[in-house]
Amino acid sequence: MYAIIETGGRQYKVQEGDLLRVEKLAGEVGATIEIGPVLAVGSGETLTIGRPFVDGAKVQCTVVAQDRAAKILVFKKRRRKGFRKLQGHRQSYTALRVAAIQA
């Protein structure tokens with residue numbers, strides 16, 4: 001069984017046992033989170049597509065980690081002006097383990 005969920009402005013296709021990294025969500029490590037907006041649920045040949053969401057469908061996830069991604073560097077420069085600027089950015093994320101899909 002799989003589901004297509006929406007969280008953090010993105011859509012993810014998930015199955016039970018999957019590990020997925022999403023935008024930062026509130027919750028401690030080990031806590032259970034229910035993700036409500038399920039766009040579609042499928043198993044085998046059956047596919048249920050919501051309009052816009054599937055009624056009563058939820059995905060239960062366990063928070064595995066609250067962490068930050070690898071640093072990316074942003075470098076800006078204006079030629080012949082002596083302007084140079086270097087910035088670093090680390091995006092926060094939440095790692096989730098999909099425990100169950102309720103259709």
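The values are calculated or read from the model by the stated rules, or taken from the named source; none is laboratory data. Please read these numbers as outputs of a predicted model, since none were measured by experiment. So basically every Cβ, Gly included, is an ideal-geometry build from the backbone, and we count neighbours across all protein chains shown. Each accessible area value is taken on the protein alone, full model and side chains, heavy atoms only, with ligands, DNA and RNA left out. Shrake-Rupley method; radii C 1.70, N 1.55, O 1.52, S 1.80 Å.
Per residue, how much accessible surface does the chain expose to a 1.4 Å probe? Answer in Å², no decimals.
Counting only protein heavy atoms, the per-residue value for the chain is 70 Å².
Sum up the lysine pairs in the chain that clear both bars: alpha-carbon distance under 29 Å and a spacing of 8 or more or different chains.
Taking the Cα cut-off of 29 Å, the pair count is 11.
How large is the convex hull of the Cα atoms of the chain per residue, expressed in Å³ as a whole number?
Per residue, the Cα convex hull of the chain comes to 132 Å³.
Quick query: amide H of Ala100 versus all other amide H atoms, modeled in the peptide plane; which residues come in under 5 Å with a sequence gap of 5 or more or a different chain?
Amide H to amide H, under 5 Å and 5 or more residues apart or across chains, Ala100 pairs with Gln60.
Using the Karplus curve 6.51 cos²θ - 1.76 cosθ + 1.60 with θ = phi - 60°, work out ³J(HN,Hα) for each residue of segment 33-43 in order, rounded to whole Hz, and write x for Gly and Pro.
10, 9, 9, x, x, 9, 7, 7, 9, x, 8
Between Ala65 and Glu16, what is the spin-label point distance in nm, taking each point 7 Å from the Cα along the Cα→C-beta axis?
2.5 nm
Give me the one-decimal nm value for the distance between modelled label points at Tyr2 and Lys24, 7 Å along each residue's Cα-to-Cβ direction.
For the pair Tyr2/Lys24, the computed spacing is 3.1 nm.
What's the carbon and sulfur percent of segment 22-103's accessible surface, probe 1.4 angstrom, rounded to a whole number?
On segment 22-103, the fraction of accessible area on carbon and sulfur atoms equals 49 percent.
Using the Karplus curve 6.51 cos²θ - 1.76 cosθ + 1.60 with θ = phi - 60°, work out ³J(HN,Hα) for each residue of segment 68-76 in order, rounded to whole Hz, and write x for Gly and Pro.
Per residue, the Karplus-derived 3J(HN,Hα) values read 10, 6, 5, 6, 10, 10, 10, 10, 10 Hz.
Starting from 0.36 nm per residue, how many nanometres of slack lie between Glu45 and Lys76 once their C-alpha separation is accounted for?
Difference between extended and current length: 6.0 nm.
Accessible surface of Leu19 in the full protein assembly, 1.4 angstrom probe, to the nearest 10 Å²?
Its accessible surface works out to 100 Å², give or take rounding.
So if I average 1/r over every pair of distinct C-alpha atoms in segment 12-51 and take the inverse, what Kirkwood radius in Å does that give?
One decimal place: 12.6 Å for the Kirkwood radius.
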